[in-house]
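Data first, discussion second: the structure below is written as structure tokens.
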There are 2 protein chains.
Amino acid sequence: MSLDRFLAETKTLVDGALDRWLPPAGVKLHDAMRYAVFAGGKRLRPAIARAACRAVGGTDEQVLPVACALEMLHTYSLIHDDLPAIDDDDLRRGKPTCHRKFDEATAILAGDALQTHAFLILAEKTPRREAVPTLVLDLARAAGTDGMVGGEIADIEAEGQAPDLATVESIHARKTGALLRASAVMGGGAGGGSPAQLRALSAYGQALGVAFQIVDDILDETETAEVLGKSPGKDRKDRKMTYPAAAGIEASRQRARELKDTAVAALEGAVDAPILVKVAELIVTRSK
Amino acid sequence: MSLDRFLAETKTLVDGALDRWLPPAGVKLHDAMRYAVFAGGKRLRPAIARAACRAVGGTDEQVLPVACALEMLHTYSLIHDDLPAIDDDDLRRGKPTCHRKFDEATAILAGDALQTHAFLILAEKTPRREAVPTLVLDLARAAGTDGMVGGEIADIEAEGQAPDLATVESIHARKTGALLRASAVMGGGAGGGSPAQLRALSAYGQALGVAFQIVDDILDETETAEVLGKSPGKDRKDRKMTYPAAAGIEASRQRARELKDTAVAALEGAVDAPILVKVAELIVTRSK
């Protein structure tokens, strides 16, 4: 199957489930949650989870709660990152950010509620009940102080400091990498993957997550607002510690390709997952 | 055992576990989480969970992760409620609020991380693994759009509206009641309570949660900042829809006592829990 078709299928499947499983529209809080979730994301984390589940012999039904939980968790992090007190962004995916469309209190609470709802859906909808404790733990570790939120605060604290590669990679691994890694691992876990398969998926996701954020850094320097759907050049303006700031654009592109190769190599001998290979290629060649 | 001794024991036990299970001090994000968690709470939710667990024959070891998760979840909600965009409070439990002590970005992320950590601890530390899916679901339902966050946004939206009792009780049941109810139910669930026992604990927690918030409303009108450790009269200033605003102080006291009686009656024949009876009495007679 082509990657385009797999991504389109995943988006249809996941958007349908998100629509069923999010609280109903017509209440301001719910509307804000739905606005942010349906603002046009690529559903990359659900696609990785679905491909990983398939790679270990699992079904779409098994992975759907994981896919939705990952997307809710990711969306909550975008809403909070965009807040005036953090990155203060007005535009996300070409549309007003949640606090600009609604208001700041609603955006804070919509983000909070999306995080909660991610855990709710995992606990309520996962067909393999025995997988729930590990899935909750995987998601919480990826989202928490050793993962996404820890990376976010390290990113804020590094603003204006002299960039160095070890620090950048450590921030990227937590801020973006942890949830991409969890996407692969939780997809495999939901499908009943073996410990060796989950280790391979973990190594794949770990390398790919850092590559993804390096490419994000490069695009912020080289692309236009029209292509990105958000304001470019913002990292430089905010004096963010990015990979290009530490090593230049060409070395950044090289490092992203290396990490992609590492990710793909990690799968060899453990899972046969052509879609995951294609996802890795997409991540380093994308233009938005 | 006296209630005072039970509460003191619970505080020692829970504070010890929180100290072990929270991420280590020395990192700004962790320091902010610890600052808020150790700002001097009464550990009421852990005490209810522990008493409920004991009432169904469970052990302290079984209930400790639930008790800590409840306190982390509660603390996250306080940090976010105090933010400038929501209630804009400078003082909490007699100390600067998290965003005043640190900064707004740190407070948002510390709240986020405490919510995540609550689910992490439930999934990682609960001794009865088979209880984890239901415990995660109980906590997520109490915290989410049908519970705490839903009540919080309804509370904001009701500001300045003509108060009516049905709306006030509905807001109170979600904003404060849902987590107190979950404290009783999850404590019983962690200890392996029967469905009938959990139903009784649920009814107890439901009534007690609303009583708790009515008493909070009364204290905001009648007590001083020294006693409360926060600015009194704020509900009236913010034109919050409170029980006293809807019915007056005396009718509010009467309603709190009625709800306490309902809570205690719900336990009869299902669990023998003298501590839960005493907690209910404390909640309606407390002065802070």
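Taking segment B:162-208 as the search range and keeping residues that are charged (D, E, K, R) and out of contact with any Phe, Trp or Tyr (no Cβ under 9 Å at 6 or more places or on another chain), which one is farthest from residue B:275 (Cα to Cα)? Break it down into steps so the answer makes sense when it comes.
Taking segment B:162-208 as the starting set, the residues that turn out to be charged (D, E, K, R) are B:164, B:169, B:174-175, B:181, B:199.
Checking which are out of contact with any Phe, Trp or Tyr (no Cβ under 9 Å at 6 or more places or on another chain) leaves us with B:164, B:174-175, B:199.
Details: B:164: 33, B:174: 24, B:175: 24, B:199: 18 Å.
The qualifying residue farthest from residue B:275 (Cα to Cα) is B:164.
Would you point out which residue out of B:152, B:159 is within 16 Å of the chain's Cα centre (by Cα) and at pLDDT below 95? Walk me through it before giving the result.
On the way: B:159 fails: within 16 Å of the chain's Cα centre (by Cα).
Just one listed residue meets the conditions, B:152.
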Q) Taking the stated definitions as given, is residue B:73 under 19 Å from the mean Cα position of the chain (by Cα), touching a residue at least 12 places away in the same chain (Cβ under 8 Å) and assigned to a loop (DSSP other than H, G, I, E, B)? A) no
Q: Sort out which residues of segment B:230-256 are under 19 Å from the mean Cα position of the chain (by Cα) and part of a helix (DSSP H, G or I), and write them in order of number.
A: B:235, B:243, B:256
Q | Selection count, segment B:1-23, where residues are in contact with a helix residue (DSSP H, G or I) (Cβ under 6 Å, 6 or more places away or on another chain) and not hydrophobic (A, V, I, L, M, F, W, C) | A | 2
Q: Determine whether segment A:57-73 contains at least one residue that is closer than 18 Å to residue A:182 by Cβ, modelled with pLDDT under 95 and not β-branched (Val, Ile, Thr).
A: no
**Q.** Given (1) of a type outside the set (S, T, N, Q); (2) surrounded by 24 or more Cβ atoms within 10 Å (Cβ to Cβ); (3) under 22 Å from residue A:32 (Cα atoms); (4) without any contact (Cβ under 8 Å) to a residue 40 or more places away in the chain, number of the condition residue B:146 does not satisfy
**A.** (2)
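Does residue A:141 satisfy being over 24 Å from residue B:124 (Cβ atoms) and either surrounded by 20 or more Cβ atoms within 10 Å (Cβ to Cβ) or under 19 Å from the mean Cα position of the chain (by Cα) (or both)? Explain how you work it out, then say what you get.
Values: over 24 Å from residue B:124 (Cβ atoms): no; either surrounded by 20 or more Cβ atoms within 10 Å (Cβ to Cβ) or under 19 Å from the mean Cα position of the chain (by Cα) (or both): yes.
Spelling it out, it is not the case that residue A:141 is over 24 Å from residue B:124 (Cβ atoms) and either surrounded by 20 or more Cβ atoms within 10 Å (Cβ to Cβ) or under 19 Å from the mean Cα position of the chain (by Cα) (or both).
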Q: Find the residue count for segment B:203-233, including only residues that are modelled with pLDDT of 85 or more and of a type in the set (S, T, N, Q).
A: 3
Q.
Return the residues of segment A:29-51 that are of a type outside the set (A, V, I, L, M, F, W, C), surrounded by 16 or more Cβ atoms within 10 Å (Cβ to Cβ) and on the phi < 0 side of the Ramachandran plot; say none if nothing qualifies.
A. A:30, A:31, A:34, A:35, A:41, A:45, A:46, A:50
Q: Report the residue count in segment B:234-286 for those that are within 19 Å of residue B:42 (Cβ to Cβ), modelled with pLDDT under 90 and not charged (D, E, K, R).
A: 0
Q.
Every residue in segment B:23-62 that is assigned to a helix (DSSP H, G or I), in contact with a His (Cβ under 8 Å, 6 or more places away or on another chain) and within 14 Å of another protein chain (Cβ to nearest Cβ), please.
A. B:33
**Q.** Considering residues of segment B:81-95 that are closer than 22 Å to residue A:144 by Cα and either touching a strand residue (DSSP E or B) at 6+ places or on another chain (Cβ under 9 Å) or in contact (Cβ under 8 Å) with a residue 40 or more places away in the chain (or both) only, the residue nearest to the other protein chains (Cβ to nearest Cβ)
**A.** B:81
Q.
Which of the numbered conditions does residue A:5 fail, given that it passes all the others? Conditions: (1) out of contact with any Leu (no Cβ under 9 Å at 6 or more places or on another chain); (2) among the basic types (Lys, Arg); (3) in a loop (DSSP other than H, G, I, E, B).
A. (3)
Q: Tell me the helices (runs of 4 or more DSSP H) entirely within segment A:96-189 that contain at least 2 residues that are in contact with a Leu (Cβ under 7 Å, 6 or more places away or on another chain) and within 14 Å of chain B (Cβ to nearest Cβ).
A: A:104-125, A:132-143, A:148-157
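The values are calculated or read from the model by the stated rules, or taken from the named source; none is laboratory data. None of the values given here were measured: they were computed from a predicted structure. Note that we place each Cβ from the backbone using ideal geometry, even for glycine, and neighbour counts take in every protein chain shown.
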